[in-house]
Amino acid sequence: MGRCYLTTLDALKVFVEVVRAGSFTAAARRLGISKSLASKRVAALEEELGVSLLNRSTRSLHLTEAGQIYYEHGLRIRDELAAAEAQVQSVTARPRGQLKVSAQVSFGFMYLAPPTTAFMRRYPDVAVELLLEDQRFEPIDDSVDLAIRMGPMPPSSLVSRPLCKVVYGLYASPEYLARAEHPVHPRDIVQHDSVFYGNYDLGAHWRFSLNGQPLDIEPSSRLVINNLLGVVEAAKAGFGLAYLPTFAARAAVASGDLVPLLQPYWNEHGSMLVLFRSRKYLPDKTRAYLDFITDWFREHLAL
């Protein structure tokens, strides 16, 4: 019986993803298949090649010498196929297909639904999956088309487009301010209760600006929350001061639940970036969403 090249290519893609993800479970999740199917496809590939590609143990996977060679070639083949598919898609009349976009929970929850649903009304042949999570992880992997991240510039392997500026400021609820003195300088913060965002990328410090120079303050925080929405709610409940990006506090300030403090000392913290892999050919669905969301934020929301 002749070799089925489509089956081999499919198994190659699974094998490459298993190596990149470090486990069959993670790879299967990224690919949207079962763990058992991922394992069967790699086993079938090994049988077809007549060699072992992976040394398996209960806790880890390691490439064999043959597996390392096959992985390096397989990675190039997979990337060439992706580029070819993207170029072919670029000649179609309308963007189509499945688009995966990842973002932090708070930003996605507050701001991504309106532009995404508007985009889908314009492009009915595109299906979108928004992946919202706050865990620290690599900004983009092969299962994601676009990632929206706040913080430092990405590695050189990624391309970025700024979506909006990110400014951090100090906030507290009227209830808290009714029983505590208003801080008049960032150094007063150490005398206050505070709510700390656990995923803040400067560690234990809150950064302010004084005469154009950074001023780092270490607050006294008994409550640490790894999600900005939780920090906002705790601050609204009157627990203490909160150091938040303006996009997270915007609605609470508008409703009167939070009061901005020390605004002359607020610090610009880079940009919210849209990240994507550096490819020569960007699929139409990805380019269309990238252009649409950038224009939407420019028109509707100046954070």
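Points worth noting:
- Residue within region 13-31 that is acidic (Asp, Glu), open to solvent by 50 Å² or more (accessible area, probe 1.4 Å) and either out of contact with any Phe, Trp or Tyr (no Cβ under 7 Å at 6 or more places or on another chain) or assigned to a strand (DSSP E or B) (or both) present: no
Results for (1) under 23 Å from residue 143 (Cβ atoms); (2) free of Cβ contacts under 8 Å to residues at least 60 places away in the same chain; (3) in a helix (DSSP H, G or I); (4) open to solvent by 40 Å² or more (accessible area, probe 1.4 Å), shown as yes or no for each residue.
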residue: 9; (1), (2), (3), (4): yes, no, yes, yes
residue: 33; (1), (2), (3), (4): yes, yes, no, yes
residue: 39; (1), (2), (3), (4): yes, yes, yes, yes
residue: 47; (1), (2), (3), (4): no, yes, yes, yes
residue: 69; (1), (2), (3), (4): no, yes, yes, yes
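- Residues that are at pLDDT 90 or above and loosely packed, with under 13 Cβ neighbours inside 10 Å within region 51-67 comprise just one, 65.
- Counting only strands (runs of 3 or more DSSP E) that sit completely within region 198-303, those holding 2 or more residues that are aliphatic (A, V, I, L, M) correspond to 213-217, 220-225, 241-245, 259-261, 267-277.
- Pair list, Cβ < 9 Å and 6+ apart or interchain, from region 111-131 residues that are under 27 Å from residue 248 (Cα atoms) to residues that are loosely packed, with under 12 Cβ neighbours inside 10 Å and aliphatic (A, V, I, L, M): 130/113
The values are calculated or read from the model by the stated rules, or taken from the named source; none is laboratory data. The structure presented is a predicted model; accordingly, all values stated were derived computationally and were not measured. Note that each Cβ is placed from the backbone with ideal geometry, even for glycine, and that neighbours are counted across all protein chains shown. Ligands, DNA and RNA are excluded from the accessible area calculation, which covers all protein heavy atoms including side chains. Shrake-Rupley method; radii C 1.70, N 1.55, O 1.52, S 1.80 Å.
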